[in-house]
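The block underneath contains the structure these notes are about, expressed in structure tokens.
The values are calculated or read from the model by the stated rules, or taken from the named source; none is laboratory data. Quick caveat: nothing in here was measured; it's all calculated off a predicted structure. When we count neighbours, we look across all protein chains shown, and the Cβ atoms used for this are built from the backbone with ideal geometry, even at glycine. Accessible surface is based on the protein model in full, side chains and every heavy atom, while ligands, DNA and RNA are left aside. Shrake-Rupley method; radii C 1.70, N 1.55, O 1.52, S 1.80 Å.
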Amino acid sequence: MFDINTVRADFPILSRQVNGKPLVYLDNGASAQKPQVVIDAVICGYGEEYANVHRGLHFLSNLSTEKYEGTRAIVARFLNAPSEDDIIFNSGTTEGINMVAYAWAMPRMQARDEIVLSVMEHHANIVPWHFLRERQGIVIKWVDVDANGDLDPQAVIDAITPRTKLVAVTQVSNVLGTVVDVKTITTGAHAKGVPVLVDGSQGAVHMAVDVADIGCDFYVITGHKLYGPSGSGAIYVHPDRMSEMQPFMGGGDMIREVSKDAVTYNDPPMKFEAGTPGIVQTIGFGVALEYMMGLGMENIAAHETALRDYASQRLNGLNWINVQGHSATKAAIFSFTLDGAAHAHDISTVLDKKGVAVRAGSHCAMPLMEHLGLNATCRASFGLYNTTDEVDVLIDALELCHDLFA
Ligand code: PMP
């Protein structure tokens with residue numbers, strides 16, 4: 001059962017005030033708040049159960065190893081990955097995509113080889129590919145979104161040429177909320193023999209994910225947006241791609257034996273997890289995913305769809321608010337500007353005075369901003385604990401901005 005009052009009570013921070021007003025937290029696209037179970041797991045992880053993983057034969061090391069490794073099965077279940085061995089832990093999406101770039105793409109891509117990206121990718125799914133462009137001469141092929149902010153899957157598939165080595169697309173735009181049909185893209189790309197990376201940073205937050213059904217080769221998630229600790233995350237890697245990956249970072253548990261002359265590596269996925277990992281963060285990440293699955297991903301999605309519809313109706317009902325992205329199936333993420341000279345930063349500062357937390361700027365998506373012809377927007381991004389009353393508080397605060405700046 002999904003009872004919004006019970007859910008809200010799980011998140012202690014939601015009962016605090018900001019600038020003398022009840023907090024209205026609408027910056028979930030940047031990072032989500034944590035339920036008490038996650039906070040407790042972190043406190044317990046450090047306060048009662050802490051030791052380094054894998055290496056010790058003592059009680060605490062075994063305990064933290066068991067909990068840390070237990071998260072692998074939880075992530076696999078969350079993503080419907082066939083095996084927990086398909087899951088590589090990391091510190092979040094940025095590290096995850098960089099790992100794919102260095103461990104899989106770099107050894108396989110030569111000058112003039114191509115990667116296909118959509119124009120609405122987050123910088124985390126752009127900059128690693130620019131590294132390969134700068135260092136190895138690969139070519140980035142961009143696919144635009146239409147006037148509603150939709151990405152035509154066929155346009156992505158059509159952008160594939162015999163030189164394409166990878167398609168890398170987000171499942172949900174962190175700016176427009178657009179939901180991308182990653183399954184159709186994957187099917188079409190595979191028909192042309194090209195693997196697909198899906199940036200699930202926003203997608204996994206808002207809908208049930210099934211990597212077996214999507215069929216993608218890499219699916220990347222980040223713990224802090226999934227109501228877990230920052231510094232946690234994971235990639236699902238299809239076993240065929242995993243066997244093609246070369247180690248990216250060296251040291252710690254990724255090795256089997258090291259001599260003066262040679263090194264042999266651990267089996268995947270540990271082959272790709274160098275150094276002491278984010279132990280407690282990862283344990284908390286597992287607890288967060290269990291929390292979401294406990295609420296039911298369908299229930300979360302239904303709640304957020306209702307929020308999206310209400311916010312859509314209210315924001316689009318005011319002709320001085322310019323919402324970017326009108327995809328019919330978008331997630332509850334709204335980027336907008338207001339008529340008049342007010343900069344997004346000024347608007348967010350006024351909203352903050354009313355207790356409303358939003359993000360303002362280019363949202364690490366400068367190519368999309370260029371496509372939209374904007375420098376900055378305000379973004380209200382909703383999470384599982386937000387309410388329609390909070391949408392009303394947002395609108396009231398925006399009306400104040402309109403009065404102040406129009
Ligand atoms: N991709 C998308 C779509 C995102 O929204 C974000 C976070 N804003 C990232 C990648 C980067 O995630 P992280 O900062 O957790 O590495």
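What whole-number value in Å² describes the accessible area per residue of the range 76-213 for a 1.4 Å probe? Don't skip to the answer; put the middle values down first.
On the way: 4710 Å² over 138 residues.
For the range 76-213, the per-residue accessible area is 34 Å².
Where both residues lie in the range 63-177, what percent of DSSP beta bridges are antiparallel, nearest 5? Working shown, then result.
Numbers: 0 of 9 bridges.
Given both bridge residues lie in the range 63-177, the antiparallel proportion sits at roughly 0 percent.
Per Stokes-Einstein, at 10 °C and 1.306 mPa s, what whole-number D in µm² s⁻¹ belongs to the range 166-303, with the Kirkwood radius over Cα pairs as the hydrodynamic radius? Intermediate results must be reported in sequence, preceding the final value.
Numbers: Rh = 16.6 Å.
Estimated via Stokes-Einstein, D reaches 96 µm²/s.
I want to check the label-to-label distance for residue 302 and residue 259. Put each point 7 Å from Cα in the C-beta direction and report it in nm to one decimal.
So the label points at residue 302 and residue 259 sit 6.2 nm apart.
Taking only Cα atoms, what is the 0 to 90° angle, nearest 10, from helix 127-136's long axis to the longest principal axis of the chain?
So the inclination is approximately 50 degrees.
In the chain, if the dipole is taken from +1 on Lys/Arg beta carbons and -1 on Asp/Glu beta carbons about the Cα centre, which of 155, 373, 198 is farthest to the positive end?
Result: 373.
Just to confirm a number: summing +1 for Lys and Arg and -1 for Asp and Glu over residues other than residue 49 whose beta-carbon lies under 11 angstrom from that of residue 49, what do you get?
Numbers: positive: 67; negative: 48, 66.
Taking every Cβ under 11 Å from that of residue 49, the sum is -1.
Within the range 69-112, list the GluC sites (Glu not before Pro) lying in a DSSP loop whose Cβ has at most 10 other Cβ atoms in a 10 Å radius. Let's see the in-between values first.
Details: sites: 69, 84, 95; in loops: none.
When the GluC sites (Glu not before Pro) of the range 69-112 are filtered for loop state and at most 10 Cβ neighbours within 10 Å, nothing remains.
Could you tell me the distance between the Cα centroids of the range 64-95 and the range 277-323, to the nearest Å?
Here the answer is 21 Å between Cα centres.
With a/c under 1.5 counting as rounded, go ahead and sort the range 84-197 into rounded, prolate or oblate using the C-alpha gyration tensor (a ≥ b ≥ c being the square roots of the eigenvalues; past the cut-off, prolate if a/b is larger than b/c, else oblate).
Working: a/c = 1.41, a/b = 1.17, b/c = 1.21.
Since a/c stays below 1.5, the shape of the range 84-197 is classed as rounded.
Test of understanding: what is the full-extension gain from residue 46 to residue 123, defined as 0.36 nm times their sequence separation minus their Cα-Cα distance? Could the numbers behind the result be given before it?
Values: separation 77, 0.36 × 77 = 27.72 nm, distance 3.29 nm.
Once the chain is fully extended between residue 46 and residue 123, it gains 24.4 nm.
Is the shape of the range 339-405 best called rounded, prolate or oblate, per the rule: a/c under 1.5 gives rounded, else a/b larger than b/c gives prolate, else oblate, with a ≥ b ≥ c the square roots of the Cα gyration tensor eigenvalues?
Working: a/c = 2.35, a/b = 1.30, b/c = 1.80.
The shape class here is oblate.
Could you list which residues have their amide H under 5 Å from that of residue 149, counting only those 5 or more apart in sequence or on another chain, with H placed in the peptide plane?
326
Considering every pair of different Cα atoms, what Kirkwood radius, in Å, is found for the chain? Display every interim value, and only then the final one.
On the way: mean 1/r = 0.0453 Å⁻¹.
It is 22.1 Å.
Write down the accessible area per residue of the range 344-406 in Å², having rolled a 1.4 Å probe over the full set of protein chains.
Details: 2530 Å² over 63 residues.
Dividing the accessible area of the range 344-406 by its residue count gives 40 Å².
Would the range 273-314 count as rounded, prolate or oblate if I go by the C-alpha gyration tensor, calling it rounded below 1.5 in a/c and otherwise prolate when a/b exceeds b/c, oblate otherwise? Show your work: numbers first, answer last.
Details: a/c = 5.00, a/b = 2.58, b/c = 1.94.
Prolate, since a/c reaches 1.5 and a/b exceeds b/c.
Which of the trypsin sites (Lys or Arg not before Pro) found in the range 244-311 are in a DSSP loop and have at most 16 neighbouring Cβ atoms, other than their own, within 10 Å? Kindly include the intermediate steps, with their values, before the conclusion.
On the way: sites: 256, 260, 271, 308; in loops: 260.
Here the trypsin sites (Lys or Arg not before Pro) that fit, given the DSSP loop and packing criteria, are 260.
Given a 1.4 angstrom probe, I'd like the percentage of the accessible area of the range 66-180 that is carbon and sulfur, rounded to a whole number. Don't jump to the answer; show the numbers that get you there.
Numbers: 1970 of 4040 Å².
C and S fraction of accessible area: 49 percent.
Within a Cβ distance under 14 Å of residue 68, other residues only, what is the Lys/Arg minus Asp/Glu net charge? Before the final figure, lay out each step's value.
Numbers: positive: 55, 67, 72; negative: 49, 66, 69, 84, 253, 273.
So the surrounding residues net to -3.
Treat each spin label as a single point 7 Å out from the Cα along the C-beta direction, and report the residue 147 to residue 108 distance in nm.
Here the answer is 3.9 nm between the modelled labels.
Roughly what % antiparallel, to the nearest 5, for the DSSP beta bridges in the chain?
Values: 26 of 45 bridges.
Counting only bridges with both partners in the chain, antiparallel ones make up about 60 percent.
Could you work out how far apart the two model spin labels at residue 136 and residue 329 are, taking each label as a point 7 Å from the Cα in the direction of the beta carbon, and quote it in nm?
For the pair residue 136/residue 329, the computed spacing is 3.2 nm.
Can you give me the three principal axis dimensions of the range 108-162 from its C-alpha atoms, in Å, biggest first?
So the three principal-axis extents are 35, 25, 13 Å.
Each residue of the range 96-107 in order: what ³J(HN,Hα) in whole Hz does its phi give by Karplus 6.51 cos²θ - 1.76 cosθ + 1.60, θ = phi - 60°, with x for Gly and Pro?
x, 6, 4, 5, 4, 5, 7, 7, 10, 6, 4, x
Count the lysine pairs in the range 131-289 whose Cα atoms sit under 27 Å apart, keeping only pairs 8 or more residues apart in sequence or on different chains.
Count of close lysine pairs: 10.
Residue-wise, which Karplus ³J(HN,Hα) couplings in Hz belong to the range 254-270, taking 6.51 cos²θ - 1.76 cosθ + 1.60, θ = phi - 60°, and x for glycine or proline?
In residue order, the calculated couplings are 7, 9, 9, 9, 10, 10, 5, 10, 8, 9, 10, 9, 5, 6, x, x, 5 Hz.
How much length, in nm to one decimal, is gained on full extension between residue 59 and residue 293, taken as 0.36 nm per residue of separation minus their Cα-Cα distance? Numbers along the way, then the final one.
Numbers: separation 234, 0.36 × 234 = 84.24 nm, distance 2.98 nm.
Using 0.36 nm per residue and subtracting the Cα-Cα distance, I get 81.3 nm.
If I fit a long axis through the Cα atoms of helix 388-405 and take the longest principal axis of the Cα atoms of the chain, what angle between them do I get, 0 to 90°, rounded to 10?
60 degrees
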